[in-house]
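Okay, structure first, notes after.
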Amino acid sequence: MLQQFADYVIFTLLGLMPGSHLGAALDFFIYDTIKIFLLLMVIIFCVAVIRSWFSAERTRHILSHNREYVGNVLAALLGVVTPFCSCSAVPLFIGFVESGIPLGVTFSFLVSSPMVNEVALIMLWGLFGWKIALLYIGTGLVVAIVSGIVIGRLKMERYVQDYVWQMQVGEGEITELTFPEKLTYARDYTRDLLKKIWPYVVIGVGIGGFIHGYAPQDFLLRYAGPHNPFAVPLAVLIGVPLYSNAAGIIPIVHALMEKGLPIGTTLAFMMAVTALSLPEAVILSNVLKRRLLITFFSVVAVAIVLVGYLFNAVL
Amino acid sequence: MKLEVLGTGCAKCKTLYEHTQKALAISGIQAEVVKVEDIPTIMRYGVMTTPALVKDGKVLFSGKLATPEEIAGML
């Protein structure tokens, strides 16, 4: 139905020729923008309602009773549903390690939280279908769990800034919202998030539409196809400084995949963009000494590269 | 009464500060409002998600941006 609407606007109202570059690009743009905004509104709202049952305090309480392995798995899963924005990364980190949550478990949370989120899920589902969306979430969780276990094993506690261990942390209460309050919270959350990401979606879909309409079909196959062994690490290296959120990057990546970018390289690139970013590194340098910060980024980057190779090989 | 707005300097924390002052204007309550940005003080209240609002040493809420009306109601 949406496709018919987009076709109607472009080919009947605007009178563009089907099959023309401009027509194809605009048709793609209108169809994708409408579809994504509908999905975003519905799913962000549902996720926000679920999230209102979880709070950072409750997550900390659950994790403080679990050690390595079980703790890492729980931390990665809770990272998905615990509301958290990067500006709270420092107090959250201190609150976690001070309450006795192992460093590696804390990192599993910090990796999964920005990478496996509802916006990425919606964009992937809307553009690539549910199989790829689930694949991304599954591998994202595995990357978070494994990276956390590796960092935990490296015993790097002394590379946390010294003041963190001396900090006095108060109890912090869990405030429970009533159900109508949860709905209000979800509504406001959806509105705020949409307000923040809509330009990224429009620009991302716009660039995606342009690539879709104009770039030659085998454009990327030639340079970044499966036979280029450096494509995956290169995609990750390009992805780290690109601080776009999932909303902006996924439509572009979708168009690139149509032009021959292999699935593993695509997934690796998206994970690098969402999980690792320079602003995050700056924020975390308040609590991590350089060595641990570099280790954190390297371990996660290597895990992502491995995911890329794996999927390029099996799919 | 002393109100403290806890936040590490993100956009939401600044907005909460403005909302708190609006809440005082609406309700006519007199209070001193300070912005707290240093981490040790924030942590002493046990707050892990910012922004948060503290009234006379007690955390009213954390991790959300309340409207001026909501804040006025809590005071």
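The values are calculated or read from the model by the stated rules, or taken from the named source; none is laboratory data. On a predicted model such as this, the values are computed, not experimentally measured, just so you know. Glycine also receives a Cβ, built like all others from the backbone with ideal geometry; neighbour counts cover every protein chain displayed.
Here is how the numbers come out for the structure above:
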| quantity | calculated |
| --- | --- |
| Pair list, Cβ under 6 Å, 6 or more apart: the stretch B:40-64 residue more than 7 Å from chain A (Cβ to nearest Cβ), other residue charged (D, E, K, R) | B:P51/B:K12; B:V54/B:E4; B:D56/B:K2 |
| Test: residue in the stretch A:190-198 that is surrounded by fewer than 16 Cβ atoms within 10 Å (Cβ to Cβ) and assigned to a loop (DSSP other than H, G, I, E, B) | no |
| Count of the stretch A:263-281 residues which are modelled with pLDDT of 85 or more and surrounded by fewer than 19 Cβ atoms within 10 Å (Cβ to Cβ) | 2 |
| Wholly enclosed helices (runs of 4 or more DSSP H) of the stretch A:1-84 bearing at least 1 residues touching a helix residue (DSSP H, G or I) at 6+ places or on another chain (Cβ under 7 Å) and closer than 25 Å to A:V116 by Cα | A:21-51, A:56-63, A:70-81 |
| Subset of the stretch A:273-287 that is free of Cβ contacts under 8 Å to residues at least 24 places away in the same chain and part of a helix (DSSP H, G or I) - its residue that is nearest to A:A231 (Cα to Cα) | A:A281 |
| Residue in the stretch B:27-36 that is within 14 Å of chain A (Cβ to nearest Cβ) and either out of contact with any helix residue (DSSP H, G or I) (no Cβ under 9 Å at 6 or more places or on another chain) or more than 21 Å from A:E98 (Cα to Cα) (or both) present | no |
| Elements of type strands (runs of 3 or more DSSP E) in chain B, at least 2 residues being touching a Lys or Arg at 6+ places or on another chain (Cβ under 9 Å) and surrounded by fewer than 18 Cβ atoms within 10 Å (Cβ to Cβ) | B:32-36 |
| Boolean, A:F107 is more than 30 Å from A:Y31 (Cβ to Cβ), within 14 Å of chain B (Cβ to nearest Cβ) and surrounded by 20 or more Cβ atoms within 10 Å (Cβ to Cβ) | no |
| Residue in the stretch A:288-296 that is in contact (Cβ under 8 Å) with a residue 40 or more places away in the chain, within 14 Å of chain B (Cβ to nearest Cβ) and over 20 Å from A:L135 (Cβ atoms) present | yes |
| Qualifying residue in the stretch A:153-173 (condition: among the small types (G, A, S), within 14 Å of chain B (Cβ to nearest Cβ) and either surrounded by fewer than 23 Cβ atoms within 10 Å (Cβ to Cβ) or in contact with a strand residue (DSSP E or B) (Cβ under 8 Å, 6 or more places away or on another chain) (or both)) | yes |
| Residue in the stretch A:242-262 that is at pLDDT below 80, in contact with a strand residue (DSSP E or B) (Cβ under 9 Å, 6 or more places away or on another chain), more than 17 Å from A:I304 (Cα to Cα) and not hydrophobic (A, V, I, L, M, F, W, C) present | no |
| Cβ pairs under 6 Å, 6+ apart, first in the stretch A:194-205 and closer than 12 Å to A:I250 by Cβ, second of a type in the set (D, E) | A:V205/A:D32 |
| Residues of the stretch A:69-93 that turn out to be in contact with a Pro (Cβ under 9 Å, 6 or more places away or on another chain) and at pLDDT 85 or above, as a count | 3 |
| Residues that are under 26 Å from A:S52 (Cα atoms) and either hydroxyl-bearing (S, T, Y) or more than 10 Å from the chain's Cα centre (by Cα) (or both), drawn from the stretch B:1-21 | B:T8, B:G9, B:C10, B:A11, B:K12, B:T15, B:Y17, B:T20 |
| Among the candidates A:Y8, A:Y31, residue that is buried (at least 19 other Cβ atoms within 10 Å of the Cβ), among the hydroxyl-bearing types (S, T, Y) and under 30 Å from A:Y214 (Cβ atoms) | A:Y31 |
| Residue check for A:G148: surrounded by 21 or more Cβ atoms within 10 Å (Cβ to Cβ), away from chain B (no Cβ under 14 Å), more than 25 Å from A:Y200 (Cβ to Cβ) and in contact with a helix residue (DSSP H, G or I) (Cβ under 8 Å, 6 or more places away or on another chain) | yes |
| Which listed residue, of A:F11, A:F29, is out of contact with any Leu (no Cβ under 9 Å at 6 or more places or on another chain) and modelled with pLDDT of 80 or more | A:F29 |
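Residue by residue, here is whether (1) farther than 27 Å from A:T184 by Cβ; (2) touching a residue at least 24 places away in the same chain (Cβ under 8 Å) holds:
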site	(1), (2)
A:L2	yes, yes
A:F11	yes, no
A:A25	yes, yes
A:I30	yes, yes
A:L40	no, yes
A:A48	no, yes
A:R60	no, yes
